[in-house]
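Report on the structure given below.
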Amino acid sequence: MKLLTNFWRDEAGLVMSAELVMLGTVGVIGATVGLSAASTAINDELVEFSHAIRSLDQSYEVQGHTSCRAWTAGSSYRQQDVEKSLADLCGQVEKGNRAVEKKRELKRKAPPTSKELRKKMEAKKRKQQQKKNEA
């Protein structure tokens, strides 16, 4: 029995609930900040990678060949200048960002007030009454 009372009075390893909540909060905030930083870093690396891939010059030229009664046509391809293609790429990204912002603005618009809703409902009832009177 004395052993149980000693355990009951011992507070050396006790973690208070407030301390536990604080540790949990710090852990969640730290994880959120870490994931946000990782997301930003990955996005930046992918942008750099896309620019690096676009900077590769893929132009080529193959001369045609002619011999005794046989020939093959030549072929060539000239890639667009890197500066112009990177500008196009950045323009497409900006266009996409503007479209996303436009959708966000539409979602942020305030819902109609009760007065506006009441007017719409009254107009709808009037139209229904007019249809009944005409029929």
When the residues of the range 53-81 are filtered to those that are modelled with pLDDT of 85 or more and among the small types (Gly, Ala, Ser), which remaining residue is nearest to Glu94 (Cα to Cα)? Ser59
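Residue by residue, here is whether (1) of a type in the set (S, T, N, Q); (2) over 17 Å from the mean Cα position of the chain (by Cα) holds:
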site	(1), (2)
Thr32	yes, no
Thr66	yes, yes
Gln79	yes, yes
Arg98	no, no
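The values are calculated or read from the model by the stated rules, or taken from the named source; none is laboratory data. Treat the numbers as computed from the prediction; the structure is a model and nothing was measured.
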